[in-house]
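The values are calculated or read from the model by the stated rules, or taken from the named source; none is laboratory data. The structure displayed is predicted, hence computed values, not measured ones. We place every Cβ from the backbone using ideal geometry, glycine too, and count neighbours over all the protein chains shown.
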Amino acid sequence: MNEPDIKQYLDRPFSVLAIVFASPIAQGARPIAARGAFYSCRCTLEVSTMGNITIVISSITIALTGMLSGTLVATEVDVFYPNGNLLVSISGTFSGTVAGQSGTAEISGTGGPITRASGTGVLDWVIGQGTLGLASLHGHGSFQQPIFGPAIEQCSDGMVIGDYSARLQLGH
């Protein structure tokens, strides 16, 4: 049986990062400092192991409020290590508004190690490849201080809440 390679799960966000920073559209755009809150719900799609490492692939929906207002629908890959730490990778589509402009944009990110027991860690992300009013949107940010909550009716596999901050560019 072919075992999944952890590297293949974590490479995608870095390719998006290269596209965002190399984009000529990002030059000359007005900078925007963004802050807000998020909460996410997940549905586990697959669980596999490689030795003593557990890999969980989930479908997640992240609601964002603040300067980024909308929903991120993404795939999340969590790599759990025996010491309790985990590495996280996400990739998906944001639909909503940024600084009054509406559209969609791609968000990809990685984070870790995140210590689940204490709820500390940061997931860094990039945003770009937008449509409509977000066609010229590019930037980077982080989901900070995640709090891992129990499952609730809307989130059968548990939820995560926290804050985000970002440095964005939106040209006109």
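Things to note:
- Top-ranked residue in the range 86-103 [being surrounded by 20 or more Cβ atoms within 10 Å (Cβ to Cβ) and of a type in the set (Val, Ile, Thr); ranked as nearest to residue 130 (Cα to Cα)]: 98
- For residue 69, the stated conditions do not hold, so it cannot be described as modelled with pLDDT of 95 or more, touching a helix residue (DSSP H, G or I) at 6+ places or on another chain (Cβ under 7 Å) and surrounded by 15 or more Cβ atoms within 10 Å (Cβ to Cβ).
- For residue 104, the test of being closer than 16 Å to residue 140 by Cα, among the hydroxyl-bearing types (Ser, Thr, Tyr) and modelled with pLDDT of 85 or more is passed.
- Scan the range 44-63 for residues that are hydrophobic (A, V, I, L, M, F, W, C), closer than 23 Å to residue 94 by Cα and over 12 Å from the mean Cα position of the chain (by Cα) and the total you get is 3.
- Neighbours by Cβ (under 7 Å, 6+ apart or cross-chain): first from the range 32-61, outside any strand (DSSP E or B); second loosely packed, with under 12 Cβ neighbours inside 10 Å: 52/82
- Being small (Gly, Ala, Ser) and exposed (fewer than 15 other Cβ atoms within 10 Å of the Cβ) holds for only one residue in 33, 74, and it is 33.
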